[in-house]
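K.L.:
My questions will all concern the structure given below.
The values are calculated or read from the model by the stated rules, or taken from the named source; none is laboratory data. Everything numeric here is computed off the predicted structure, so don't read it as measured data. Cβ: placed from backbone, ideal geometry, glycine included. Neighbour counts: every protein chain shown. Just the protein is used for accessible areas: all its heavy atoms, side chains included, with ligands, DNA and RNA removed. Shrake-Rupley method; radii C 1.70, N 1.55, O 1.52, S 1.80 Å.
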Amino acid sequence: LLQVMLVIDAAVSHLENLSCLEEYLCNLGKKHQAVGVKVESFSTVGESLLYMLEKCLGAAFSPDVREAWSKLYSAVVKAMRRGWETLPEGD
């Protein structure tokens with residue numbers, strides 16, 4: 001969980017220029033694939049993140065806030081998925 005939060009923190013810190021994290025996130029995706037993490041697991045983590053934010057923020061977790069966090073998480077996952085796509089078949 002700490003690693004997930006560190007990645008989210010980096011994404012928030014570079015919100016105006018997520019492309020600077022592209023290579024880092026792609027390599028992170030490769031590492032996840034290498035240890036057997038399935039791409040589908042990212043949706044479970046995303047749902048857990050949104051649930052935690054909703055519980056911690058309460059009424060401040062408006063639909064707009066939810067959408068913003070969903071978009072950020074989706075951008076992170078999209079970049080990480082490129083790590084799967086860059087590995088040759090059979091690796």
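K.L.:
Out of the total accessible area of region 20-84 (probe 1.4 Å, heavy atoms of protein only), what percent is carbon and sulfur?
P.N.:
Details: 2370 of 4110 Å².
Carbon and sulfur together cover 58 percent of it.
K.L.:
Mind pulling the angle between the C-alpha long axis of helix 41-57 and the longest principal axis of the chain? Nearest 10 degrees, somewhere in 0 to 90.
P.N.:
Rounded to the nearest ten degrees, it is 20.
K.L.:
So, by mean Cβ neighbours within 10 angstrom, what's the order for 53-59, 37-43 with the highest one leading?
P.N.:
Details: 53-59: 10.7, 37-43: 12.7.
Sorting 53-59, 37-43 by mean packing, highest first, produces 37-43, 53-59.
K.L.:
How tilted is helix 2-13 with respect to the longest principal axis of the chain? Cα atoms for both, answer in degrees (0 to 90, nearest 10).
P.N.:
The answer is roughly 70 degrees.
K.L.:
Okay, moving on. Compute the convex hull volume of the Cα atoms of region 20-84, divide it by the residue count, and report the result per residue in Å³ as a whole number. Before the final figure, lay out each step's value.
P.N.:
On the way: hull volume 5.4 nm³, N = 65.
Spread over its residues, the Cα hull of region 20-84 gives 83 Å³ apiece.
K.L.:
Helix 22-34: angle to the longest alpha-carbon principal axis of the chain, degrees 0 to 90, nearest 10?
P.N.:
For helix 22-34, the angle is close to 70 degrees.
K.L.:
At a 1.4 Å probe radius, which order do Tyr51, Tyr24 fall into by accessible area, largest first?
P.N.:
Tyr51, Tyr24
K.L.:
Taking the solvent-accessible surface of protein heavy atoms with a 1.4 Å probe, what is the per residue accessible area of the chain in Å²? Write out the running numbers ahead of the final one.
P.N.:
On the way: 6310 Å² over 91 residues.
Accessible surface, normalised per residue, equals 69 Å².
K.L.:
When a/c reaches 1.5 or more, the comparison of a/b and b/c decides; with that in mind, is region 1-44 rounded, prolate or oblate per its Cα gyration tensor?
P.N.:
On the way: a/c = 2.24, a/b = 1.58, b/c = 1.42.
Prolate, because a/c is 1.5 or more and a/b exceeds b/c.
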